[in-house]
Amino acid sequence: MNQRETEGTIIKGYSGFYYVLAGGRLHTCSLRGKFRLKGDDRVFLPGDRVRICVLEGDKGVIEAVLPRRNELLRPPVANVDQVLLVFALASPDPDFVLVDRLLVLAAHAGIRPVLVWNKADIAPPERVAQVQALYRDIGMDQFVLSARQGENLEGLKGLLEDRISVVAGPSGAGKSTLLNALAPGLSLKTGEVSAKIGRGRHTTRHVELIRLTSGALVADTPGFSTLYLPDIPVQDLPGFFPEMAPHLGGCRFTSCLHKTEPDCAVIKAVEAGQIHRQRYDHYLMFLNELIERERQAPKGR
Ligand code: GDP
Ligand code: ZN
């Protein structure tokens with residue numbers, strides 16, 4: 001028998017088969033019998049790295065699954081390198097509460113966020129300058145582009161190559177248009193990516209990684225369909241606001257939540273213009289959500 005082993009990435013599981021991308025080729029793989037015992041195909045996720053034995057044609061058998069680096073629940077994808085937070089600069093105007101909420105969700109999931117500001121073609125220049133300054137100051141990777149005009153896509157294309165990405169952002173921001181622009185020939189209907197979560201019709205069982213290029217894999221279902229903050233202990237929330245880090249040691253109380261406490265270094269930094277007030281306001285908003293939740297359901301929810 002002419003068999004050989006190779007390593008690849010699951011891009012989709014369907015009806016007991018897994019489609020594994022290895023060496024630029026797609027293989028239809030079954031599982032070695034030992035895996036079937038678990039009776040749960042969520043044992044394997046798109047994004048999982050597997051070792052397969054290549055049989056004749058494009059067939060193969062999954063011999064082993066390699067350890068995961070991370071695992072996202074919505075959509076269920078393993079080994080996610082980055083989440084693209086896509087927002088329109090105009091029409092609709094960016095919802096900065098949502099931007100900051102998604103930044104917290106991404107950081108909590110341990111996945112690098114990348115801000116994609118779309119519709120640059122219709123954006124007022126001051127808006128572009130505003131968002132760039134705001135998020136550059138907190139060290140975010142960001143791209144300003146126009147998906148529909150196909151403008152300024154090169155930088156983002158480079159970032160997608162050889163990585164697994166998930167796209168998130170409000171409906172109408174241009175997520176489907178962006179994926180189409182990045183992979184001509186893909187032709188998703190616009191609105192399609194968000195429709196999947198918007199109406200909750202699709203179960204997330206059959207999430208698929210789509211190939212924008214041979215090395216760029218993107219989940220076909222948008223990320224973070226819940227905007228509910230994860231259960232972050234209130235004391236940990238400042239850790240999700242990187243601009244607070246240099247100030248945290250300077251508060252009078254070690255238990256300071258930077259809300260109304262006296263001699264709070266974070267509040268002073270806001271007043272001195274070292275922390276953007278808008279970001280701080282969103283911090284307070286999220287903090288109050290978490291405090292309220294702890295009050296209603298103390299411990300072990
Ligand atoms: P999604 O809901 O995030 O998938 O958004 P769509 O891709 O469906 O886009 C929503 C609308 O915005 C559509 O009418 C698109 O044609 C439009 N759109 C997308 N990208 C751009 C862009 O770069 N510039 C402009 N002016 N419109 C865009
Ligand atoms: Zn403080």
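The numbers here are math on the coordinates, done by the rules we state, and not lab data. Since the model is a prediction, treat every value here as computed from it, not as a measurement. Quick reminder, even Gly has a Cβ in these numbers, built from the backbone with ideal geometry, and neighbours come from all protein chains shown.
Please state which of the following conditions Leu290 fails to meet, knowing it meets all the rest: (1) in a helix (DSSP H, G or I); (2) loosely packed, with under 10 Cβ neighbours inside 10 Å.
Going through (1) in a helix (DSSP H, G or I); (2) loosely packed, with under 10 Cβ neighbours inside 10 Å one by one, Leu290 breaks only (2).
Conditions (1) surrounded by 13 or more Cβ atoms within 10 Å (Cβ to Cβ); (2) outside any helix (DSSP H, G or I), marked per residue:
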{"position": "Thr221", "(1), (2)": "yes, yes"}
{"position": "Thr226", "(1), (2)": "no, yes"}
{"position": "Leu229", "(1), (2)": "yes, yes"}
{"position": "Ile232", "(1), (2)": "yes, yes"}
{"position": "Leu237", "(1), (2)": "yes, no"}
{"position": "Ala245", "(1), (2)": "no, no"}
{"position": "Gly249", "(1), (2)": "no, no"}
{"position": "Thr254", "(1), (2)": "no, yes"}
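Hey, could you check the stretch 79-97 for residues that are under 14 Å from Val167 (Cα atoms) and over 11 Å from the mean Cα position of the chain (by Cα) and say which is surrounded by the most Cβ atoms within 10 Å (Cβ to Cβ)?
Taking the candidates together, the pick is Phe87.
Name the one entry in Gly150, Gly169 that is within 16 Å of Phe224 (Cα to Cα) and near ligand 1 (Cβ under 10 Å from one of its atoms).
When all the criteria are applied, what remains is Gly169.
Going through the stretch 59-77 one residue at a time, which ones are out of contact with any helix residue (DSSP H, G or I) (no Cβ under 7 Å at 6 or more places or on another chain) and either crowded, with 23+ Cβ neighbours inside 10 Å or in contact (Cβ under 8 Å) with a residue 60 or more places away in the chain (or both)?
Gly60, Val77
In the stretch 267-279, how many are surrounded by 12 or more Cβ atoms within 10 Å (Cβ to Cβ) and closer than 19 Å to Val97 by Cβ?
Of the residues in that region, 5 qualify.
For the stretch 231-286, how many residues are among the acidic types (Asp, Glu) and either more than 21 Å from Pro113 (Cα to Cα) or within 16 Å of ligand 1 (Cβ to nearest atom) (or both)? Break it down stepwise before answering.
Step one: list which residues in the stretch 231-286 are among the acidic types (Asp, Glu), which gives 231, 236, 243, 261, 263, 271, 281.
Among the residues that remain, those that are also either more than 21 Å from Pro113 (Cα to Cα) or within 16 Å of ligand 1 (Cβ to nearest atom) (or both) are: 261, 263, 271.
Count: 3.
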